[in-house]
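These notes concern the structure reproduced below.
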Amino acid sequence: MAQDADAMKVLDIAAERIQKAGNVKIEYKASIFAGSTEKASNSGTMWLQQSKMKLEVEGITTWYDGKTRWCYVPSANEVSIDQPSNKEMAAMNPYTFMGIYKKGFKMTVKETVLRGEAVYEVHLNAKFPKKMDVQEVFVDVRKSDYQPLCIRVREDNDWQRVSVLSFQGNLKLDDSFFTFPEKDYPNVLINDMR
């Protein structure tokens, strides 16, 4: 098992490729585990542009412009508006690890296979677990193109796993794509919690 330098190199290359891909669309499956027991799962589609995000999961649409989050629930015909913390947004965005891995983690990397593809499995362990929100992360990066395929994050005793099912980069998305289009929802109930 290789140590920090090789693990850091794998994540640096993966982060650089995602950044160069610009605006991206990701289809994924997310699961939460208590130990090895799956407590919940869902599938969704996410669009990312730097700190901005749009997310569609099980009929619910969330827009985030880097500061404000709008969450539209069709069954209630309601949109909730808030300003989430960085920790809350990190839990929603599987690529957040691209900004956190350089500080506070011991890393190792090994070669393995995931879903029939050769991958680098990078294991990050918090150096000071009591001071960090995330204690442990596994990132499976496809060897052929350095595309992350799976990210597993541990907070306390729960694990969150995000499996990337498809990835498209270099999309044309303007800033308005990441804000709630109020004109398209004229009769929606607005719950502003800012």
Report yes if some residue within region 65-88 is β-branched (Val, Ile, Thr), assigned to a helix (DSSP H, G or I) and out of contact with any Cys (no Cβ under 8 Å at 6 or more places or on another chain); otherwise report no. no
What are the pairs with Cβ atoms under 6 angstrom where one residue, in region 40-56, is in contact (Cβ under 8 Å) with a residue 24 or more places away in the chain and the other, located anywhere, is assigned to a strand (DSSP E or B) and acidic (Asp, Glu)? Sequence gap at least six, or different chains. none
So Ala118 clears everything in (1) aliphatic (A, V, I, L, M); (2) farther than 21 Å from Lys39 by Cα; (3) outside any strand (DSSP E or B) except one condition, right? Which one? (3)
Taking the stated definitions as given, is Leu173 within 21 Å of Ser36 (Cα to Cα) and under 20 Å from the mean Cα position of the chain (by Cα)? no
Contacts under 9 angstrom Cβ, first residue in region 115-134 being touching a residue at least 24 places away in the same chain (Cβ under 8 Å) and over 15 Å from Asp4 (Cβ atoms), partner hydroxyl-bearing (Ser, Thr, Tyr) and assigned to a strand (DSSP E or B), 6 or more apart: Arg115/Ser163; Ala118/Thr112; Val119/Thr112
Looking only at region 131-150, count how many residues are within 16 Å of Ser36 (Cα to Cα) and either at pLDDT 90 or above or outside any strand (DSSP E or B) (or both). 1
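The values are calculated or read from the model by the stated rules, or taken from the named source; none is laboratory data. Bear in mind that the values here come from a model prediction, so they are computed numbers and not experimental data. Don't worry about glycine lacking a Cβ; one is built from the backbone with ideal geometry, like all the others, and counts go over all protein chains shown.
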